[in-house]
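Asker: Please find one structure pasted underneath; my questions will follow.
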């Protein structure tokens, strides 16, 4: 089932990604073309406050031409460890600092055409401090209970795949942790 790359060319290089067109040889000898978005490592964080509410953000996303509801996320700086990136993104976007942070799992948002890996973290947080948005960001913090988030998902109000995956991972890992405590 493997494909052998026999040619490659970069057709676009931007600030956070590049696009490559690959010529590949299929196992049966046929040749095909693959268009791949190359993206550096990223992180996403689901955070819960001491009062039990979860921290999310809303921001305008030009690709969608609308305001989107999301978990905190961002690119890792060159050479930066994922956990350090997660803590930085959480603080920059919401002002929250983690009391504790735990790696959950990696996700690959769209494996058909993109190699982006997002390392997912869960953080317990205390009261927020100051935010430090990037110069081109406007972000609103949203606090929800677990039940409110679940209802937003059921109502189709959460459409960001990263956020849906992160929430599902948190639910699975939280459920496992609760079962381990009960035994």
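Asker: Post the alpha-carbon centroid distance, segment 72-103 to segment 1-21, in whole angstrom.
Answerer: Between the Cα centre of segment 72-103 and that of segment 1-21, the gap is 28 Å.
Asker: Once you have the Cα-Cα distance between residue 115 and residue 2, take 0.36 nm times their residue separation minus that, and quote the gain in nm to one decimal.
Answerer: Using 0.36 nm per residue and subtracting the Cα-Cα distance, I get 39.1 nm.
Asker: Ok, one more. At 7 Å along Cα-to-Cβ for each site, give me the label-to-label distance between residue 133 and residue 34 in nm.
Answerer: Going from the residue 133 label point to the residue 34 one covers 3.8 nm.
Asker: Then there is this: Run the simple label-point estimate for residue 124 and residue 61 please: 7 Å along Cα→C-beta, distance reported in nm.
Answerer: Taking the two extended label points, one gets 3.1 nm.
Asker: Just check segment 44-183 against the gyration tensor rule for me: Cα atoms, a ≥ b ≥ c as the square roots of the eigenvalues, rounded for a/c under 1.5, and otherwise prolate or oblate depending on whether a/b exceeds b/c.
Answerer: rounded
Asker: Moving on. Suppose only helical runs count, i.e. DSSP H with n ≥ 4. What mean residue ellipticity at 222 nm does that imply for the chain under -39500 (n - 2.57) per run, divided by all residues and rounded to the nearest 500 deg cm²/dmol?
Answerer: So the helix-based figure for the chain works out to -8000 deg cm²/dmol.
Any read-out appearing in this document is the output of simple, stated calculations on the displayed coordinates, not a laboratory observation. As the structure is a prediction and not an experimental result, all values here were calculated from the model. Glycine gets a Cβ as well: all are built from the backbone with ideal geometry, and neighbour counts include every protein chain shown.
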